[in-house]
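Comments concern the structure below.
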Amino acid sequence: MSSILRSTRFATKHSSQLIVDLAAILHNFMQIKAHAPDALIMPVLKADAYGHGICEVGRLLEDHGARYFGVAFLEEAIILREAGITTPILVLGGLSGSQIRGFLEYDIDFTASSSFKLEKIKQEAKALGKTARVHIKVDTGMGRIGIQHDRIDKFLSEVTNIISKELEVVGIFSHFASSEWEDLSFARLQLERFNEAVHKFSTVMGFTPLRHIANSGAILQLQESHLDIVRPGLLLYGVNPLQFKSELNFKFKPTMTIRSEVVYFKVLDENQPVSYDCTYKTKDQTRILTIPIGYGDGFPRRLSNSGHVLIRGKKYPIVGKVCMDQLMVDIGAKGEAHNGDEVILLGEQGEHFITVEEIINNTGQDPREFLLNLKLRLPKVYVNG
Ligand SMILES: *Cc1c(COP(=O)(O)O)cnc(C)c1O
């Protein structure tokens, strides 16, 4: 279990948990492999593996054949190294000069977005007697980091003088801004720009490093973008990135369950308010349950009066505002529940499901944002490892 609640000196079992299904993550990894058979898979483990636990997911996938990992920051890469991960790791984000030494000491691949940065990396590598492994980032339309695609000629003219035995260009990559859309015309334009930049690189440098651009949306929708490496994030964690398309020919499994329990049961008469600001009033006499989970656990406040939970195989509405640590559920005049009953807020119970897709439909969040917030306080429990 990892959570702020672990610091308690009492060995209690917290009533709410985030259950991470390792077999489901592995299943999704294998599905991605089958879907992109000619590419290496670079699972993206940034932000604590989208809230699933960076070391647990890293170890699992290293043990099952992952040959590259992607993270956002050097610190995340170091966490993996210190957990014993030896697989190559690429830091996908921008490089701050003071961190170069850390990359070299921990044997982490750099993302380089300018000849200036390449020169600095080379100097430090030389001083330490090491070889730096670098991926060149090309900005083809995301507008975040990278050498702008239409300035690649200038970059290449500078780079020929920098490349040396201390600097190994392992990869060249870019990132899509809209691979999750139904309209793929901008993604196609980005891919075209990227292929042209790679072509220029190969012509000038005389070799082609590993080419990569595909995130989850592109893995599903743009086969021609798979190239040498694909970089799945969301897909690995069992969420459909395509909001316009609910049926996919890609069989992935949800990886997270949020489980809690009933801690309080009461009967309210008609016209009684529930929770802050009295936004809900009972219509008739009804049974109201209290569940010990709230937005302090990352459960979205936007599900006030709009979300659902599963209890005893039935789906019931969340009523009133979601509080920081508790929320209320109306099970009607005849609903059955007892203190201690299992409550599922995300996942499966009996014949019903509550999916990430359903929740974000209600909250308007990006699915990644929803998943990440869950690590605020919920203790994680790993199953099927
Ligand atoms: C986060 C990220 C990914 C993974 O994105 P998903 O859409 O979640 O698959 C891939 N590449 C880069 C550069 C990223 O920042």
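A few comments on the model shown:
- Within the range 177-189, residues that are within 21 Å of Gly233 (Cα to Cα) sit with their Cβ atoms under 8 Å from residues that are among the hydrophobic types (A, V, I, L, M, F, W, C) and in a helix (DSSP H, G or I), at 6+ positions apart or across chains, in these pairs: Ala177/Phe186; Ala177/Ala187; Ser178/Phe186; Ser178/Ala187; Ser179/Ala187; Ser179/Ala218; Trp181/Ala187; Ala187/Ala218.
- Residues that are open to solvent by 60 Å² or more (accessible area, probe 1.4 Å) and in contact with a Gly (Cβ under 7 Å, 6 or more places away or on another chain) within the range 104-162 comprise just one, Lys120.
- Residue among Asp277, Asp297 that alone is of a type in the set (D, E, K, R), open to solvent by less than 50 Å² (accessible area, probe 1.4 Å) and either within 32 Å of the chain's Cα centre (by Cα) or at pLDDT 95 or above (or both): Asp297
- Residue among Gly94, Gly143, Gly171 that alone is within 16 Å of the ligand (Cβ to nearest atom), modelled with pLDDT under 95 and among the small types (Gly, Ala, Ser): Gly94
- Residue check for Glu247: surrounded by fewer than 20 Cβ atoms within 10 Å (Cβ to Cβ), at pLDDT below 95 and on the phi < 0 side of the Ramachandran plot: yes
- Failed item, numbered, when His212 is tested on (1) open to solvent by less than 60 Å² (accessible area, probe 1.4 Å); (2) assigned to a loop (DSSP other than H, G, I, E, B); (3) closer than 21 Å to Pro37 by Cα; (4) out of contact with any Pro (no Cβ under 9 Å at 6 or more places or on another chain): (2)
- Strands (runs of 3 or more DSSP E) completely within the range 299-379 that count 1 or more residues being in contact with a Lys or Arg (Cβ under 9 Å, 6 or more places away or on another chain): 308-311, 327-332, 342-349, 352-354
- Note on the range 44-72: among residues that are in a loop (DSSP other than H, G, I, E, B) and within 11 Å of the ligand (Cβ to nearest atom), the one that is surrounded by the fewest Cβ atoms within 10 Å (Cβ to Cβ) is Ala72.
- Screening Ala77 against (1) within 15 Å of the ligand (Cβ to nearest atom); (2) in contact (Cβ under 8 Å) with a residue 40 or more places away in the chain; (3) open to solvent by less than 30 Å² (accessible area, probe 1.4 Å) leaves a single unmet condition, (2).
- Leu220 being in a helix (DSSP H, G or I), surrounded by 21 or more Cβ atoms within 10 Å (Cβ to Cβ) and within 16 Å of the ligand (Cβ to nearest atom): yes
- Exclusive hit being open to solvent by less than 70 Å² (accessible area, probe 1.4 Å), within 29 Å of Ala125 (Cα to Cα) and small (Gly, Ala, Ser), set Ala177, Ala187, Ala197: Ala197
- Leu289 more than 16 Å from the ligand (Cβ to nearest atom), under 20 Å from Ile19 (Cβ atoms) and assigned to a strand (DSSP E or B): no
The values are calculated or read from the model by the stated rules, or taken from the named source; none is laboratory data. The shown structure was predicted, so the numbers you read here are calculated from the model rather than taken from an experiment. Methodologically, a virtual Cβ is constructed for each residue, glycine included, from the backbone with ideal geometry; neighbour enumeration extends over all protein chains shown. Ligands, DNA and RNA are excluded from the accessible area calculation, which covers all protein heavy atoms including side chains. Shrake-Rupley method; radii C 1.70, N 1.55, O 1.52, S 1.80 Å.
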